[in-house]
1. Can you run down the residue pairs with Cβ atoms below 6 Å, 6 or more apart or on separate chains, where the first is in region 20-34 and under 20 Å from ARG209 (Cα atoms) and the partner is assigned to a strand (DSSP E or B) and among the acidic types (Asp, Glu)?
2. Just to be sure I understand the filter: pairs with C-beta atoms under 6 Å, separated by 6 or more residues or on different chains, first member in region 53-79 and in contact (Cβ under 8 Å) with a residue 40 or more places away in the chain and farther than 20 Å from ARG110 by Cα, second member acidic (Asp, Glu) and in a strand (DSSP E or B). Which pairs pass?
3. From the list PHE105, PHE87, pick out the single residue that is under 16 Å from the mean Cα position of the chain (by Cα) and either basic (Lys, Arg) or surrounded by 15 or more Cβ atoms within 10 Å (Cβ to Cβ) (or both).
4. Return the residues of region 109-138 that are among the basic types (Lys, Arg) and within 17 Å of GLY84 (Cα to Cα); say none if nothing qualifies.
5. How do the strands (runs of 3 or more DSSP E) wholly within region 1-85 filter down when requiring 3 or more residues that are more than 28 Å from LEU239 (Cβ to Cβ): which remain?
6. Please tell me if ILE258 is surrounded by 18 or more Cβ atoms within 10 Å (Cβ to Cβ) and over 27 Å from PHE13 (Cβ atoms).
7. Which residues, taken from region 201-232, are modelled with pLDDT of 90 or more and hydrophobic (A, V, I, L, M, F, W, C)?
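The values are calculated or read from the model by the stated rules, or taken from the named source; none is laboratory data. Keep in mind the model is a prediction, meaning the values are calculated, not measured. Here the Cβ positions follow ideal geometry from the backbone for every residue, glycine too, while neighbour counts run over all protein chains shown.
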Amino acid sequence: MANNIIDVRNISFKYDDANKNAINDLSFSIDEGEWVSIIGKNGSGKTTLINLLDGLIKSNNGDIIVDNLKIDNKNLGDVRDKIGIVFQNPENQFVASTVKEDVAFGLENRQYNISKMHKIVDNSLKEVDMLKYKDSNPSKLSGGQQQRVALAGVIAILPKIIILDESTSMLDPKAKKVIINLINKLRIKNKLTVLSITHDMNEIQYSDRVLLLKDGNLIKNISPLKLFNELDDVENYGLEIPFSEKLRLQLKKNGFNIGNNYINDEEIVKWITQYYSKM
């Protein structure tokens with residue numbers, strides 16, 4: 001049985017200059033090793049929730065437990081050691097003039113010895129297929145390569161939780177898919193828990209579960225397979241139906257027996273191939 005690595009208990013948060021709460025009495029738990037996507041339109045509370053989970057801001061009430069540690073002043077440093085964040089623009093994370101120095105930055109802050117640090121840096125870059133670029137300037141790399149470097153810097157510190165803060169939104173579809181597949185591979189290999197903030201509904205197909213927020217409220221806590229079947233009007237929540245789901249709905253409307261659940265791009269291609277191979 002999986003253990004809860006994140007347990008959110010009745011948290012609320014209101015910014016000092018706001019008229020209403022950004023987060024309203026939120027409760028949910030996330031199991032170790034899960035991939036959970038947090039979705040919703042701008043202003044729904046996604047970024048505020050991530051800042052609460054990382055201890056950057058403190059909830060007005062309620063508790064957040066991360067790997068059996070309550071987020072408070074006493075445990076804040078230990079909690080942050082368990083969490084790595086990959087941001088939307090990786091260039092904002094770079095602090096050094098070479099890839100290897102940048103990946104080493106978090107280890108230096110944790111006072112690793114030089115020989116161990118070099119080994120971890122090389123292993124982390126190898127994990128993301130960027131070892132041959134270790135002497136390169138990260139600002140000269142492509143967007144997909146920069147995200148790989150940012151990811152290497154995160155996995156180097158051995159977090160239990162990786163937060164993806166719109167981390168693929170600036171990539172083209174091909175690079176985006178490569179990064180998402182890489183993260184999923186690392187998640188499975190290293191038993192990581194992944195939280196992904198995203199506006200890309202194609203990306204949720206990789207999730208075990210989806211948390212849908214609206215105005216700081218948790219509207220849905222559901223599998224991606226069921227999400228679109230249980231939303232009467234997804235546009236009301238700032239969501240766009242993925243192409244594969246639009247195609248499935250149109251095929252079903254036209255009388256094809258394609259099933260009632262959302263399927264991803266690969267699955268719908270497989271279904272179409274199998275359908276026509278029987279003709």
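1. Note: pairs meeting the criteria are SER29/ASP7.
2. Close Cβ pairs (under 6 Å, with a partner that is acidic (Asp, Glu) and in a strand (DSSP E or B)) amount to ILE65/ASP7.
3. The match here is PHE87.
4. Listed by number, the list holds a single entry, ARG110.
5. Where strands (runs of 3 or more DSSP E) fall fully within region 1-85 and carry at least 3 residues being more than 28 Å from LEU239 (Cβ to Cβ), they are 61-66.
6. So ILE258 passes the test.
7. Matches in region 201-232: VAL210, LEU211, LEU212, LEU213, LEU218, ILE219, ILE222.
Rundown of residues vs (1) surrounded by fewer than 19 Cβ atoms within 10 Å (Cβ to Cβ); (2) of a type in the set (A, V, I, L, M); (3) touching a Gly at 6+ places or on another chain (Cβ under 7 Å), yes/no style:
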{"position": "GLU34", "(1), (2), (3)": "no, no, no"}
{"position": "SER37", "(1), (2), (3)": "no, no, no"}
{"position": "GLY40", "(1), (2), (3)": "no, no, yes"}
{"position": "ILE71", "(1), (2), (3)": "no, yes, yes"}
{"position": "LYS74", "(1), (2), (3)": "yes, no, no"}
